[in-house]
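The structure appears below as structure tokens.
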Amino acid sequence: MKDRTMHIVLIGIQGAGKSTQGTMLSEKYNIPYLSSGHIFREMAKEKTKLGRWLKETMNSGALIPDTTTLEIVLTYIEKPEYANGYILDGFPRTVAQAKAFNGSIEHVIYLNVSDKEALWRISGRTDVREDETLAALRKRISLFHSVTTPVLDYYKDRGVLHEVDGEVSVEEVFAQITAVLK
Ligand code: AMP
């Protein structure tokens with residue numbers, strides 16, 4: 001049985017700790033964790049025109065266009081396993097996506113980590129993915145500032161944004177988030 005229904009969005013640059021915190025939150029609240037990047041990476045493995053195009057786009061660090069993203073992610077979260085909520089990582093990433101999504105989001109958590117700290121953390125990883133070249137990382141971070149920062153304002157205006165200091169320990173970040181969700 002699910003503890004409670006929850007729709008949470010995690011926002012932050014790559015390396016901010018979204019997947020770590022998302023997985024921990026998923027365990028604590030018994031709500032599935034879902035990353036749009038993961039959905040796209042799975043689809044990019046397919047040897048189809050769409051698969052190849054997704055792979056190329058992701059490896060460059062560019063975003064998948066809004067129409068494609070919306071079609072794929074919104075269809076995906078219709079699955080029965082997300083009926084009691086979800087912890088979303090990586091979506092919405094543009095204001096157009098946020099507006100079209102317009103779901104029942106109760107909390108948006110912004111994990112605030114500086115570019116420098118994020119790049120430092122990622123450079124220390126050993127399980128580097130194909131789409132994690134330095135050029136792609138830099139592009140993703142720069143896109144975050146130009147395209148995703150307005151999403152923070154969008155949710156702030158709706159009174160659901162919570163900013164969390166992402167540069168402290170994993171446990172301290174988690175404590176900040178769970179305090180918000182109480
Ligand atoms: P991530 O794992 O969240 O860093 O996502 C990896 C890549 O997937 C991004 O660089 C984009 O190409 C694509 N992607 C993931 N989520 C989105 C989104 N909401 N909108 C557009 N592209 C996305």
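What to note about this one:
- Qualifying positions in the stretch 5-29 - out of contact with any strand residue (DSSP E or B) (no Cβ under 8 Å at 6 or more places or on another chain) and modelled with pLDDT under 95: Gln14, Gly15
- For the stretch 43-52, the criterion of a residue being more than 12 Å from the ligand (Cβ to nearest atom), touching a strand residue (DSSP E or B) at 6+ places or on another chain (Cβ under 8 Å) and not acidic (Asp, Glu) is satisfied by no position.
Rundown of residues vs (1) closer than 27 Å to His162 by Cα; (2) open to solvent by 50 Å² or more (accessible area, probe 1.4 Å), yes/no style:
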| residue | (1), (2) |
| --- | --- |
| Leu50 | no, yes |
| Met58 | no, no |
| Thr94 | yes, no |
| Lys99 | yes, yes |
| Asn102 | yes, yes |
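- Where Phe91 falls short, out of the listed (1) over 17 Å from the mean Cα position of the chain (by Cα); (2) under 26 Å from Leu134 (Cα atoms): (1)
- Of everything listed in (1) among the hydroxyl-bearing types (Ser, Thr, Tyr); (2) at pLDDT 95 or above; (3) within 13 Å of the ligand (Cβ to nearest atom), the single unmet condition for Ser60 is (2).
- Any pair with Cβ under 7 angstrom, 6 or more apart, that starts in the stretch 36-64 at a residue that is touching a residue at least 60 places away in the same chain (Cβ under 8 Å) and ends at one that is crowded, with 16+ Cβ neighbours inside 10 Å and outside any helix (DSSP H, G or I): Met58/Asp131; Asn59/Asp131; Leu63/Arg93
The values are calculated or read from the model by the stated rules, or taken from the named source; none is laboratory data. None of these values were measured; they are calculated from a predicted model. FYI the Cβ positions are ideal-geometry reconstructions off the backbone, even for glycines, and counts take in every protein chain you see. Accessible surface areas use protein heavy atoms only, side chains included; no ligands, DNA or RNA. Shrake-Rupley method; radii C 1.70, N 1.55, O 1.52, S 1.80 Å.
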